[in-house]
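Peer 1: To start, I am sharing the structure in question, which I have written as structure tokens.
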Amino acid sequence: MNRPLEDRADDARPDAPDQGQILPGLAIEGQLRGRGDLRIDGPMRGAITIEGTVSVGPQAQITAPIRARRVDVSGEVVGDIEASHVAVRSGGWVTGDVRASTIAIDDGATLEGLVDMDFEAGRGARRPR
């Protein structure tokens with residue numbers, strides 16, 4: 001039985017993180033901004049600023065700079081990435097500069113660009129030496 005949307009909204013947990021997903025059949029062009037986590041499995045062009053984690057699925061083809069707390073790449077990203085932690089998984093491909101406190105690059109992953117690990121995400125500044 002379908003309940004009205006207002007009734008279902010009462011069931012939502014206020015402490016549950018927001019999560020979004022772009023499916024393979026949906027192409028996005030423009031700016032994505034928000035809180036919570038985002039999984040992208042389709043093509044996207046523009047810019048991405050997410051306060052949570054951006055997961056780039058194996059089918060994703062992203063042409064956009066990405067700013068997030070964490071970025072996990074299994075597909076293709078053409079654009080600079082700025083995050084606290086960046087992981088490029090086997091089969092993942094990043095063409096662009098990466099600024100992160102920690103970076104993981106799996107066997108079979110590709111990163112073409114500069115890497116800056118002397119960085120504190122969210123502050124946009126280098127740590128004092």
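Peer 1: Give the residue, chosen from Gln31, Gln59, Gln21, that is assigned to a loop (DSSP other than H, G, I, E, B) and of a type outside the set (Asp, Glu).
Peer 2: Result of the check over Gln31, Gln59, Gln21: Gln59.
Peer 1: Consider only pairs whose beta carbons are under 8 Å apart and that are at least six residues apart or on different chains; among these, list those whose first residue lies in the stretch 92-121 and is without any contact (Cβ under 8 Å) to a residue 60 or more places away in the chain and assigned to a loop (DSSP other than H, G, I, E, B) and whose second residue is surrounded by 17 or more Cβ atoms within 10 Å (Cβ to Cβ) and of a type in the set (Asp, Glu).
Peer 2: Cβ pairs passing all conditions: Gly92/Glu76; Gly96/Asp80; Asp97/Asp80; Gly113/Asp80; Phe119/Glu82; Ala121/Glu82.
Peer 1: Related question: Can you tell me which residue within the stretch 32-61, out of those that are loosely packed, with under 14 Cβ neighbours inside 10 Å and among the charged types (D, E, K, R), is farthest from Asp80 (Cα to Cα)?
Peer 2: Arg35
Peer 1: Can you run down the residue pairs with Cβ atoms below 7 Å, 6 or more apart or on separate chains, where the first is in the stretch 20-35 and over 15 Å from Val56 (Cβ atoms) and free of Cβ contacts under 8 Å to residues at least 40 places away in the same chain and the partner is among the hydroxyl-bearing types (Ser, Thr, Tyr) and in a strand (DSSP E or B)?
Peer 2: Arg33/Thr49
Rule-based calculations on the coordinates, nothing more; no lab input. Computed from a prediction, not measured in an experiment: that's the story for all the values here. When we count neighbours, we look across all protein chains shown, and the Cβ atoms used for this are built from the backbone with ideal geometry, even at glycine.
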